[in-house]
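Novice: Could you have a look at this structure, given as structure tokens, before my questions?
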Amino acid sequence: MTRQEPASPPLKILLCEPRGFCAGVDRAIQIVEQALQQYGAPVYVRHEIVHNRYVVDDLKKKGAVFVEELDEVPDEGAPVIFSAHGVPKSVPAAARQRNLFYLDATCPLVSKVHREAERHFSDDRETILIGHAGHPEVIGTMGQLPPGAVSLVETAQDAHQFAPKTDAQLAYITQTTLSLDDTREIIEILTSRFPDIKAPRKDDICYATTNRQQAVKAIAHRCDAFLIVGATNSSNSMRLVEVAARSGCPNAVLVRRASDIDWGSFAGVNTLGISAGASAPEVLVDEIIESFEKRYQISVETITTATEDIAFKLPRELTQSN
């Protein structure tokens, strides 16, 4: 008598939409790819162009060379590209001093925050930046102004303890990839303590961060487990894990790709949520779903909470006729 293999258990996958690449990430990757095509390899990139190892490794194969500082770039005329997170003003200044040809892949929504910081400074306002210390975007934003001109507030406790340095009017700006709920709490504390504090004309947290968090919130309570595809150094990806846990699915984890999955943790899971941070390519989501398909009888339902049709222009150096 032939022994029958046990049937694969059923698994319902709820797939968040929107997920993955945002317009700023897509633009940054295009800048590297088109620079390689237009100028040839090597093209140097200061810091990871976006926080995703798969993307970085793919661009390395095409001829991109990633460095952390400009002094690693030789004086040979090859282009250098600044990452999507933005850089302090000292970086392009140093590039110009060395006559390096550079392309700025800073996300336009990060550049908006930079302009706000400069405007507050020119208007003699004392500026608070809500963000995470050490993140490249925060380093870049604080680096738009002289040292000490921006005060960093990371937590609600920081907001309670913040003491203005001057009698000048206060203003606040935020990192673009924060948790909406955490940021709202901090802003409420600051506005309660300082009623005249000047807010951004438009929310600094970017549309993609907002949309991805709202999509996760919409389905987390229906899920026994939640996978966020992304990198540990990706702020928006880490925030998605936190949002899933707070919204009803405490079994929420971050994975870089299918090989990171702890398959033993899915015992008893009937419904799985999946989303991806703004710097995670769709190929990694597909890879994870295919891996589940080998172990489960899956059904996939896409839950759409917003439609995105935003695209950002490339630098004119890559679009003007030769």
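The values are calculated or read from the model by the stated rules, or taken from the named source; none is laboratory data. Remember, it's a predicted structure, so these values are computed and weren't measured experimentally. All Cβ positions, glycine included, derive from the backbone under ideal geometry; neighbour counts span all protein chains shown.
Novice: In the range 157-173, what count of residues is obtained for those that are loosely packed, with under 14 Cβ neighbours inside 10 Å and either assigned to a helix (DSSP H, G or I) or of a type in the set (A, V, I, L, M, F, W, C) (or both)?
Specialist: The total comes to 5.
Novice: Determine, yes or no, whether GLN214 is modelled with pLDDT of 95 or more, in a helix (DSSP H, G or I) and assigned by TED's automatic domain parsing to the domain that holds ALA244.
Specialist: Yes: the conditions hold for GLN214.
Novice: Within the range 139-156, restricting attention to residues that are in a helix (DSSP H, G or I) and touching a helix residue (DSSP H, G or I) at 6+ places or on another chain (Cβ under 9 Å), which residue is surrounded by the most Cβ atoms within 10 Å (Cβ to Cβ)?
Specialist: THR141
Novice: Within the range 231-257, how many residues are closer than 19 Å to ILE205 by Cβ, in contact (Cβ under 8 Å) with a residue 60 or more places away in the chain and not hydrophobic (A, V, I, L, M, F, W, C)?
Specialist: Of the residues in that region, 7 qualify.
Novice: Being hydroxyl-bearing (Ser, Thr, Tyr), in contact with a strand residue (DSSP E or B) (Cβ under 8 Å, 6 or more places away or on another chain) and at pLDDT below 95 is true for just one of THR174, THR166. Which residue is that?
Specialist: THR166
Novice: Of (1) under 21 Å from the mean Cα position of the chain (by Cα); (2) modelled with pLDDT of 95 or more, GLN157 satisfies all except one. Which?
Specialist: Tallying (1) under 21 Å from the mean Cα position of the chain (by Cα); (2) modelled with pLDDT of 95 or more, GLN157 fails exactly one: (1).
Novice: Moving to a separate point now. Filter the range 108-129 down to residues that are in contact (Cβ under 8 Å) with a residue 60 or more places away in the chain and not basic (Lys, Arg) and give me whichever is surrounded by the fewest Cβ atoms within 10 Å (Cβ to Cβ).
Specialist: Top of the filtered list is PRO108.
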